[in-house]
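Have a look at the structure below before the remarks.
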Amino acid sequence: MTFISTLDGYLRAVDPTTGVTKWELKEEPILRAPSSIQKRLTFLPDPRDGALYMLVDGHLKKLSYSIPELVNFSPCRTSDGVLYTGSKKDVWLEINMKTGVKERELSHSSESSQCPMSTSQTTYIGRTVYELTMFDTENRQRKWNATFADYSSHLLAAATSYPYQHFASSSDGHLLTVDASSGTVLWDRNLGSAIVAMYLLQNDGLHKLPYTVVGKETMEELAKVFYVERYFETVGTSRK
């Protein structure tokens, strides 16, 4: 089963062969940040990893640190007088793997006196929410807030045999999956919100899957190829 995380906060369990959703879990959006433009404090976060880009004279400049890194470093101050403060919350989500229902949420503030116990029907997925605030010491009225969430995961081992390739649109939830050995497109669907991460669940937790992000026009061309192939497959079958 493949897990797909989208910007709107959904985590979906999807059959990688058919694209059919087995279940979906709704959490808070992956990223929340102001859209207004402020002098010295206009940042564009990347929802895939929390990287920050600063708008300078109409150009984007990538900052040296991401939201999670700045939260870990906080409180800190830059040479140009911007103050950073942040916090994070780690939780374990106990999820029923058959239904996708979140049975409970475990954190340092959990009131339950019982230790969690894994069963054949449940799994535990770690989720961290980072909250970052920036203050401009040159203007007390000016500040910037952002909240970024991420699921705890490992990098997929190079030796892992994963038979699929995924292509995701950069602007929406359009996802196309290809059989890696044959090049055949298996399925094509739109999840309605930009894809920020894909995972494979193994015994030690989630492992992040690679996927290729392409522009909307490129994605549409790939989809056209998919439908043309399906058409000729259907015609060829009907002639036999």
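Expressed in Å, the radius of gyration and Dmax of the Cα atoms of segment 33-152 are 18.3, 56. For every helix of n ≥ 4 consecutive DSSP H residues, a contribution of -39,500 (n - 2.57) applies; sum these over the chain, divide by its total residues, and give [θ] at 222 nm rounded to the nearest 500 deg cm²/dmol. Result for the chain, helices only: -4500 deg cm²/dmol.
Residues whose amide H comes within less than 5 Å of that of Leu44, counting only those at least five positions distant or on another chain, are Tyr53, Met54, Leu55 (H built at 1.01 Å from N in the peptide plane). Remark on segment 43-92: hydrodynamic radius 12.0 angstrom, per the Kirkwood mean of 1/r across alpha carbon pairs.
Potential lengthening of the chain between Glu24 and Val56 amounts to 7.6 nm, from the contour at 0.36 nm per residue minus the alpha-carbon distance. Model label sites at Asn96 and Arg48, defined 7 Å from Cα along the beta-carbon direction, differ in position by 3.5 nm. Length, then width, then depth: along the principal axes, the Cα atoms of segment 122-204 run 59, 31, 26 Å. Cross-link partners of Lys22 among lysines, defined as those whose alpha carbon lies under 26 angstrom from its own and excluding same-chain residues fewer than eight positions apart: Lys98, Lys102, Lys208. Return the tail of the calculated pair distribution for the chain, meaning the percent of Cα-Cα pairs more than 30 Å apart. Here the long-distance tail beyond 30 Å is 38 percent of all Cα pairs in the chain.
For segment 33-152, what is the relative contact order in percent, using Cα pairs closer than 8 Å and at least 6 residues apart in sequence? Don't jump to the answer; show the numbers that get you there.
Values: 214 pairs, mean separation 30.1, N = 120.
Computed over segment 33-152, the figure is 25 percent.
To the nearest ten degrees, helix 216-239 and the longest principal axis of the Cα atoms of the chain are 10 degrees apart.
Across segment 1-50, the convex hull enclosing all Cα atoms gives 81 Å³ per residue.
All of the numbers you see were taken from the coordinates with simple rules; none came from a lab. None of these values were measured; they are calculated from a predicted model. Please note: Cβ atoms are built from the backbone with ideal geometry, for glycine as well, and neighbour counts cover all protein chains shown.
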